[in-house]
Every structure is written in C-alpha cells, then in structure tokens.
C-alpha cells in the first residue's frame, strides 16, 4: 500500500490507523488488534512511509519496534496533537489528527528513548515513589504520637532514633495495642529505607558504568541523581539545538505573555519534567549555600545575584546555567572546566 504518512492512535489492545497518500488523499482507515499490528504494517505498508504517534504510554516501545522494521517514526506530545482533533473525540479522529499534526512544518517531535534510557528512568520513578511513601509514613507516625502527647522531631533521621526509645519507655502511657501498631510502623519505615538504599546502589552502579554521567557530575550542583536523570531524559542532548532549548524544555526559563508589541515575562514556566527540574534546583541551592565562602568567578556571580534578588531566583538562575552547561558536556563529550566558565561570564557579573 502506497502511503505517505500514517497516523496511529495507540491503546492497550486496539490501534486505530489513518493513512494518506502523496496527494493527501485518505487511503487507509483501519482498526487493528494488538496481535495484528506489527504483522499488518510489515506486510501492507512500504518502509518509506512516515509513521506518527503520540508520546504516550508504550509509544517508545512501539517506536523502537517500527524503527527496527525500517520505518521512520515521529512522536509528538499529546498537547500538540489536540488542536487538530475535529469535532467530537474518538479513536478515528485522534488518528486523523496525529496524521495531520505530523505534517506541519513547525511541529516539535519527541526523540525516541532507548531501552537503556527507560531502564534508568524506571529506577528514578520507583525511587521517587518510595521516598514519597517514606515521607507519608513518617508524617503518619508524627500525627499518631502527637495524639498521645509527644512531639516528634522534624528530621527523618531524628525520628528513626526516637522511635526505639518511645517503644521501650514504659512511662509514656502508650496502650499495648498502640505500642504494637507503632512497632509495625517502625518496621514499615525501615523496609522503605532499605528499598531506597537498594535503588541508591543501583544508581551508583549506573554512575560507574556511564562516562556521560561521570562528566555531568563534574558540574558543581549536579550529583549522581541529577546526572543519571539527565542522561535518562535527554541522552546525548542531540534533540536540542543549544543549551537554551534544554533549559526551556525543563521549565527553567520565564513564561512569556506578550501582546501588542509589549513584552511581558512572568515567573519560570515550570514546563517539562518536574522531577528533573526539582533535582537541578535543589543542587543549585546547595551550591548557593556554600558560595559565600568562596571567591571564584562563579561564586562571585552567585553572591551578587543573591544580594540583588531573592535566593530562589538565584537558585533557578544557577539551575538554568547548569542545564546549559550539561548540554555542552553531553554534546561535546567533555568535562566541566571552571576556568573556561569564568572566561565566558560577562565582566560586570563577576566584578
């Protein structure tokens, strides 16, 4: 079948296809079961056909499968496809919208992730969820002991230290049933600690085996977590033309709301991967905290910025700069050099 473009609306078991030929005429509207999908494309569709899909769950897997068969695959963010959906929403119109959206000259496409990238990303996703569960468990313990007249410490390590003392103290008035329940909550907390530590070891193994991660960790404010998350998200940085695009993709640039020739910049856009953006900003905060004890160019720039603006603004500015530097290290396969960074900074920023 001679197709120029093929839009595919993915689902768990049923896939909807919409194809057009070189004259933009619709020549294919078909619904396929999951087991029939790859065999149909291999037998009925020529390899020069471009295939478009939304970057949703399972899209990267199917994109890798289709690329292995020789097809050129384009993934698009769902919010960029939505404006092309006509009238009411259904699978056929979604596939038609995907087919039309991928033909637009200004459309932005998502790079297909490798299996290695998704492997690293899965470690981060599971670890992040476990940390959230551990925080919830600690807050639950604090709330329960507060009802018995005890003020639990804020820090998690202090709470771990206090728990055995509360359980062994016979004078604190805890009922036997409550004491048993608190002991179980302590075990839950320890098990979550073990799972988080296990994933931390996995991240250290990734650091030892990946030179890209090691190069990123030479940037002040980027540690093992941030470096591995960056590699999982952007690979070698080739999907961006420059570092500013990476910073904008991470939501570290101002949100624009301009009209009538009047430019208006708001707070940071907060687009993209919130987890990765949070890691970069937290790393920047640690650098900012120690900058007042240093005299290098970068620290002078940070101290001057923090004196003029709020500390949060300085942290986001440094996170933005670190993202741009990370793009350079990934694309040029080099390590961070503080002397080079100093020569690139304007004199007025370091004076």
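When you restrict to C-alpha pairs under 8 Å that are six or more residues apart and normalise by the size of segment 115-209, the relative contact order lands at 41 percent.
Relative contact order of the chain, taken over Cα pairs closer than 8 Å and 6 or more residues apart, is 12 percent. The slack in the chain from residue 147 to residue 278, taken as 0.36 nm per residue of separation less the alpha-carbon distance, amounts to 43.8 nm. Mean-square fluctuation check for the chain, GNM, Cα pairs under 10 Å: which of 258, 209, 122 is largest? For the chain, modelled as a Gaussian network with Cα springs under 10 Å, the answer is 258.
Considering only 273, 169, 188, the Gaussian network model of the chain with Cα springs below 10 Å gives its largest mean-square fluctuation to 169. In the chain, the longest principal axis of the Cα atoms and the axis of helix 274-291 are about 40 degrees apart.
Within the listed set 223, 238, 106, the Gaussian network model of the chain (springs between alpha-carbon atoms below 10 Å) gives the highest mean-square fluctuation for 106.
Each label point was placed 7 Å from the Cα along the Cα-to-Cβ direction; for residue 47 and residue 115 their separation is 2.1 nm. Helix 115-146 and the long axis of the chain differ in direction by around 40°, with both axes built from C-alpha atoms. So, R0 is 41 Å and r is the distance between the beta-carbons of residue 31 and residue 197; what FRET efficiency does that work out to, to 0.05? It comes out at approximately 0.30.
In the chain, helical runs assigned H by DSSP with n ≥ 4 each contribute -39500 (n - 2.57); averaged across all residues and rounded to the nearest 500, the mean residue ellipticity at 222 nm is -18000 deg cm²/dmol.
Mean separation of Cα pairs under 8 Å and 6 or more residues apart, divided by the residue count, gives segment 5-101 a relative contact order of 33 percent.
Looking only at segment 219-241, which residues have a backbone nitrogen under 20 Å from a spot 7 Å from the Cα of residue 205 in the C-beta direction? Taking a point 7 Å out along Cα→Cβ of residue 205, the residues of segment 219-241 whose backbone N falls under 20 Å are 224-233.
Angle of helix 156-168 to the longest C-alpha principal axis of the chain, folded into 0 to 90 degrees and rounded to 10: 50°. Each peptide in 137-144, 297-304, 22-29 gets a packing score, the mean of other Cβ atoms within 10 Å over its residues, and the list from highest to lowest is 297-304, 137-144, 22-29.
The numbers here are math on the coordinates, done by the rules we state, and not lab data. If you're wondering where the values come from, they're calculated on a predicted model, not measured in any experiment. Neighbour counts are summed over all protein chains in view; Cβ atoms, including those assigned to glycine, are modelled from backbone coordinates with ideal geometry.
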